[in-house]
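**Student:** Quick one: structure below, then a few questions.
The values are calculated or read from the model by the stated rules, or taken from the named source; none is laboratory data. In this text, all values refer to a predicted model and were calculated from it rather than measured experimentally. Here Cβ is always computed from backbone atoms with ideal geometry, including for glycine, and neighbour counts include all displayed protein chains. Protein only, heavy atoms only, side chains kept; ligands, DNA and RNA dropped before computing areas. Shrake-Rupley method; radii C 1.70, N 1.55, O 1.52, S 1.80 Å.
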Amino acid sequence: MAQNGGSADAAAAVKNLSGNVANLKVSEAEQKRSNSASPAPGNNDNSSNNSNGSGGAGGGSFIASFKAFSKFGDTKSDGKHITLSQSDKWMKQAKVIDGKTITTTDTGIFFKKQKAMKLSIEQYKAFLEELAKSKKMEVADIKSKLANCGPPGVTGPSVNTKAMSAVERLTDVSKYTGSHKQRFDETGKGRGIAGRKDVVDKSGYVQGYQNKDSYKGQ
């Protein structure tokens, strides 16, 4: 009887050990699945940066661009708030405002819905979301363009070369004809009243004489 009791205890101990090993394996498997599902700390930071401050594939920073354009034209700006004119400048440079899909009228309407003359970064994100929703666009695409458009640039007024060529043609006196041609000399200089009226020459020379006053030195 004592031998049978010892065998039973040994069998129970082996069974308990087997159960513990099985539970340990299950626990390890669950831990591995949990680790694979959760991003690494570094990756988590990157994804957060991409959603809040990065422009995506271009590598530009939305927040950095926001600060740069919020200071454009305003030396006293702290870079934390942006005006409508600064926003329009930013959007035009990023080709978000194209005059067709999105215009300055659109940006003005949705900017004023934020009920502030200057918007913080969070308010500006809300402004972009409402604008994108109204145009059935992805706000991420707009942010990407804004993030990767580069620093604020100064562009001069475009020159209308066609208009310039027309002006040059109309002011080229060498192409004048008729009475208009008589108003200018060979160099293009205006002849004054002599080019507008027939002034009587009382010098005694006939018209067109080439050697006028040549005898005085003799």
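**Student:** Write out, first by first residue and then by second, each pair whose Cβ atoms fall under 6 Å of each other, whose residues are 6+ apart or on separate chains, and whose first residue, in the range 120-149, is in contact (Cβ under 8 Å) with a residue 60 or more places away in the chain and over 19 Å from Lys100 (Cβ atoms) while the second is open to solvent by less than 30 Å² (accessible area, probe 1.4 Å) and not basic (Lys, Arg).
**Tutor:** The qualifying pairs are Lys143/Phe62; Ser144/Gly55; Ala147/Gly55; Ala147/Gly60; Ala147/Phe62; Ala147/Ser65; Asn148/Gly55; Asn148/Gly60.
**Student:** Could we say that Leu119 is of a type outside the set (Phe, Trp, Tyr) and under 16 Å from Lys92 (Cα atoms) here?
**Tutor:** No.
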